[in-house]
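What follows is one structure encoded as structure tokens, with my remarks underneath.
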Amino acid sequence: MSTIGFIGLGNMGLPMATNLVKAGHEVLGFDMSPEVLEAAKEASIITCATAADAASEAETTITMLPNGEILLSVMAEITSVTPKGALLIDCSTVDVESAKTFHAQAATAGLGSIDCPVSGGIGGATAGTLTFMIGGSEADCKRAEPILDILGGRQVRCGESGAGQAAKICNNMLLATTMVGVGEAFSLGKKLDLDPQALYDVMSTSSGSCWSINTYCPVAGVGPTTPADNDFKPGFASSLMIKDASLAQVAADSAGQATPMGSRALELYKEFAAQSEEDVDFSGIITWLEDLNRG
Ligand code: NAD
């Protein structure tokens, strides 16, 4: 058993921290929200009054926060009180520059660090089946392994500092473009009077097959059960897709790489979200695409 600090106990953080408690670790948790802290107490997490309190006794501290700015503000609170030699694991999705700053600040304070964004959503966080994309030294990745084994099924070391975040946003930029493409293909098929089941049977086994068809088909009653079968309740909310696709564009700007499909997919997601009353699952963009007429 070890003592683990956990900062950010929201939709993802709370089930992750709960799995660590279930595995026999002592978890010291902090979140800005009093309601969230109440829920954490019920999950046998020892709740703290500040982020610094959660990190100051811990051999490992995990952060699961909304963005890079908040991550760095938490770093400013915890680096001086975290025991020297402890390991920081940032599982939030943040911009690559903030991830690199996080590593640099940890190193200055004598702490190990990995950027470790996740894939798998709230379901994966609850089931302990997340996939981790990791940036950091080999030694720090090795140290993190026993904890990440509790939280997920797969760990991929992508390279040095910031490489996990870079891999995450490349993947999610691709996901945004494939989901738009799949939505367009099914919308066109509908207008051409194709049975969506027949189109699924073809595309899921042909050269167009991809995760957005085979695993996350956006058509109700077709393929595996997905948010399409549940009125597009998230799942992975459109706002989170917009966040990740925006981070990809920030990275593309700073790297000087043109990503015409990625930037167009982001625009389409923004247009879709602007006219949606609810923050529906990102695959719900098909309902908006179906209503677009050729001008
Ligand atoms: P969330 O908004 O539910 O949780 C974030 C938590 O951080 C909130 O409880 C909030 O109160 C807390 N917080 C904010 N500022 C804080 C501070 N200064 N100190 C302590 N706590 C603070 O978000 P989430 O869905 O849990 O996502 C967390 C991260 O995981 C994000 O970076 C998101 O992009 C990423 N992510 C989410 C999903 C998903 O499906 N929800 C999937 C993959 C990755």
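The values are calculated or read from the model by the stated rules, or taken from the named source; none is laboratory data. Source: prediction; values computed, not measured. A quick note on method: Cβ atoms are made from the backbone with ideal geometry, for glycine too, and the neighbour counts reach across all protein chains shown.
From the list 195, 149, which residue is over 30 Å from residue 104 (Cβ atoms), among the acidic types (Asp, Glu) and either surrounded by fewer than 19 Cβ atoms within 10 Å (Cβ to Cβ) or in the same structural domain as residue 16 (by TED's automatic domain parsing) (or both)? Matching residue, one of 195, 149: 195. Screening the range 203-236 for residues that are surrounded by 20 or more Cβ atoms within 10 Å (Cβ to Cβ) and outside any loop (DSSP other than H, G, I, E, B) and picking the one that is farthest from the ligand (Cβ to nearest atom) gives 203. Taking every residue in the range 123-150 that is of a type in the set (Lys, Arg) and pairing it with any residue that is more than 16 Å from the ligand (Cβ to nearest atom), at least 6 positions away or on another chain, the pairs with Cβ-Cβ distances below 6 Å are 143/87. From the list 55, 99, the lone residue that is more than 10 Å from the ligand (Cβ to nearest atom) and over 28 Å from residue 241 (Cβ atoms) is 55. Taking the range 32-51 as the range and being surrounded by fewer than 19 Cβ atoms within 10 Å (Cβ to Cβ) and out of contact with any Leu (no Cβ under 9 Å at 6 or more places or on another chain) as the test, the residues that pass are 32, 34, 35, 38, 41, 42, 44, 49, 50.
Figure legend. Inter-residue proximity from the range 1-24: first residues under 17 Å from residue 92 (Cβ atoms), second residues buried (at least 24 other Cβ atoms within 10 Å of the Cβ) and polar (S, T, N, Q), beta-carbon distance below 6 Å, spacing 6+ or different chains. Indicated pairs: 5/61; 7/63; 8/63.
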